[in-house]
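Here the structure is laid out as structure tokens; the discussion comes afterwards.
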Amino acid sequence: TATLLLSRCLLKMVKENIVDPEEILSFCCNGLKGSTSPPRAWEPGEREEVPGAMASPSPARNPTEVQMSQLVLPCHTNHRGELSTGQLLKWIDTAACLSAERHAGCPCVTASMDDIYFEHTISVGQVVNIKAKVNRAFNSSMEVGIQVSYEDLCSGKHCSICKAYATFVAQGPSGSKVKLKPLTPQTEEEKIEHSIAAERRRMRLVNKDTLKDLLTRSPRETELETRDGSVAVPAAKTRVESVELVLPPHANHQGNTFGGQIMAWMENVATIAASRLCHAHPTLRAIEMFHFRGPSQVGDRLVLKAIVNNAFKNSMEVGVCAEAYGQEMSVSRRHINSAFMTFVVLDQEGRPRTLPMVAPEPGDGERRYREASARKKIRLDRKYVISCKQTEVPLSVPWDQSNKVYLSYNNVSALKTLVAKANWTLAREKEKVRMYTLEEDKFLSFRIEMSVRITAGQAFSLLSDLRRRHEWDSHYASAELVQQVDDDDMIYHVVSQTLSRENKPQDFVILASRRKPCSKGDPYVVAFRSVTLPTHPARAGFTRGETLCSGFCIWPESEETSKVAYYNQATPGYLNYVTTNVAGLSSNFCATFEACEKFLLKNKEDLIMRLQDL
């Protein structure tokens, strides 16, 4: 019977072009002589070679890329037949960990996870496709990008579920950190993600400070929202506490509890807390950025606590805490993780329902209530400024203290994205100055570059101060420093010499964001974008201009020479000026950049002397 089944299986594999028939014949003959080498299986998409046919080269695959496909079974779903978000988090964490370990070559642990927004639910019988790959390796940590989609096998429909970024830390023997090898991006997409990963890392490090700053400037009194026909539910009624024993199936190959398993347990108690408020079955819409503070091992008891911190009109925030302890209760509990999850309750048409209000407990409950409101604002700022496509974001975004981190991130990442684009075309070359263009659907961008006998650090220091730009750029009349946000970000009010169609001078309110190289090979970056300030509204004597994305990137070429490049994504008011120079009807760009070189060379000696005095 076994022989018959094997014969049928092999015949089917040959018919479906899965296995080379000559390999099977060779295997059968050699098998009689004692050989155990299996027949070679054809790769997906491979077919028998036709003599004289030209083989099409396949693109090189990222060596850290991991793909996972999971069929959603009833055991993975909730009462509605939808995939449990906790189960999805376990799959996401597993795929990301495997990708990180491919690059590190050693065990890795989850350190943090950025915001996750779930766009759709997944039903039983559908397939979850997860793709994870390392975007950038730093010293001992690395960022892994994860894309999740679902596939309906009956209709063939594919749909995006979420996109996430996780940070993993490589661990050596006894938990020691391992220095990682650098990652070299190959494709345009990989180069963009690699470049922006440094900005995302910077944003993670200041996330707590952003919340503290916002709370410091907010009123300390807790103002409860009034909602027609709604009675406030005491937050204490939503409190949940549950304990889990960490068993071997919950742990990875190092004996540490899977980060995804902890997230799944946390999602479970958070769902119960949310249900106690609304007396319905809530849907998880987002998870706030969180960090793992320490590991837990097999045999630990994990205590999971959840409570509704605040209920807004159509959504609620649930705070969850995970603590671990061993067999002895006398030992103090270890704080493993805290997370904040946003839930909604959907009606039959899939629209969010109005939720009852929450009455916070005095003391810590009121603090959590205020922090939930602050986190909602930060979440909206982060999603509005960062998650939207560049073409969907208004040119001038209002600037304030709460969104300064995200505007700075957007400013620098937009320029880095433009720099990493492929298909730049050389449009003009005049002596040492080269001008390139990039034509896209909605934008015409240009790049001007030249080599200058100045160190990259010196050029960075001189070009990042807009107050000195009028010394070499004839388009600038003046630039006033309006606000020194921090060491890396400044806001300027710029007045241009260029007249608008209304025959008025143009003025701009510009955020300038500076970045030194994160690692070897990175450029010095000075990025510019328009913002809106209440203290500097548009004035009658000027036409308010806007810049979407522009700035300098400076690469060291040698100890004394640097490549200075200026990028600009032309806005409609600037477009005619750009095309005139691209077409060769004007040499204004080249003349301006030559003046920039003279400015750098003239001032580098003064800069050296000032640095020596310091």
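The values are calculated or read from the model by the stated rules, or taken from the named source; none is laboratory data. Remember, it's a predicted structure, so these values are computed and weren't measured experimentally. Quick reminder, even Gly has a Cβ in these numbers, built from the backbone with ideal geometry, and neighbours come from all protein chains shown. Just so you know, the surface numbers come from the protein's heavy atoms only, side chains and all, with ligands and any DNA or RNA stripped out. Shrake-Rupley method; radii C 1.70, N 1.55, O 1.52, S 1.80 Å.
Which residues, counting only those in the range 484-505, are closer than 18 Å to Leu533 by Cα, surrounded by fewer than 15 Cβ atoms within 10 Å (Cβ to Cβ) and touching a strand residue (DSSP E or B) at 6+ places or on another chain (Cβ under 6 Å)? Scanning the range 484-505 gives a single hit, Gln484. For the range 171-186, the count of residues that are within 22 Å of the chain's Cα centre (by Cα), part of a strand (DSSP E or B) and either modelled with pLDDT of 85 or more or exposed (fewer than 13 other Cβ atoms within 10 Å of the Cβ) (or both) is zero.
Applying the criterion of at least 2 residues that are at pLDDT 85 or above and over 27 Å from the mean Cα position of the chain (by Cα) to the strands (runs of 3 or more DSSP E) found wholly in the range 503-596 leaves 505-515, 562-569. Reported count of residues in the range 62-85, each being part of a strand (DSSP E or B) and open to solvent by 60 Å² or more (accessible area, probe 1.4 Å), is 3.
Quick check, is Phe340 under 18 Å from Ile272 (Cβ atoms), in the same structural domain as Leu247 (by the TED database), touching a residue at least 24 places away in the same chain (Cβ under 8 Å) and open to solvent by 30 Å² or more (accessible area, probe 1.4 Å)? Taking the combined requirement at face value, the residue satisfies it. Considering (1) touching a helix residue (DSSP H, G or I) at 6+ places or on another chain (Cβ under 6 Å); (2) not in a helix (DSSP H, G or I), the lone condition that Lys416 does not fulfil carries the number (2).
Of the residues Glu225, Glu244, only one is open to solvent by 30 Å² or more (accessible area, probe 1.4 Å), at pLDDT 90 or above and in contact with a strand residue (DSSP E or B) (Cβ under 9 Å, 6 or more places away or on another chain); which? Criteria check complete, one pass: Glu244. Residues of the range 463-483 that are loosely packed, with under 15 Cβ neighbours inside 10 Å and in contact with a Lys or Arg (Cβ under 7 Å, 6 or more places away or on another chain): Leu481 alone.
Residues of the range 343-364 include at least one that is of a type outside the set (Val, Ile, Thr), within 23 Å of Thr216 (Cβ to Cβ), modelled with pLDDT of 85 or more and in contact with a strand residue (DSSP E or B) (Cβ under 8 Å, 6 or more places away or on another chain). Within the range 403-442, can you find the residues that are farther than 25 Å from Gln186 by Cβ, β-branched (Val, Ile, Thr) and surrounded by fewer than 21 Cβ atoms within 10 Å (Cβ to Cβ)? Across the range 403-442, the qualifying residue is only Val433. If you filter the range 137-170 down to residues that are in a strand (DSSP E or B), open to solvent by 40 Å² or more (accessible area, probe 1.4 Å) and of a type outside the set (Lys, Arg), you find that the one that is farthest from Ser413 (Cα to Cα) is Glu151.
Filtering Phe508, Phe446, Phe460 for residues that are hydrophobic (A, V, I, L, M, F, W, C), open to solvent by 20 Å² or more (accessible area, probe 1.4 Å) and assigned by the TED database to the domain that holds Lys604 leaves a single hit, Phe508. Checking the stated criteria, Ala137 turns out not to satisfy the condition of being in contact with a helix residue (DSSP H, G or I) (Cβ under 8 Å, 6 or more places away or on another chain), farther than 16 Å from Gly172 by Cβ and not assigned by the TED database to the domain that holds Met266.
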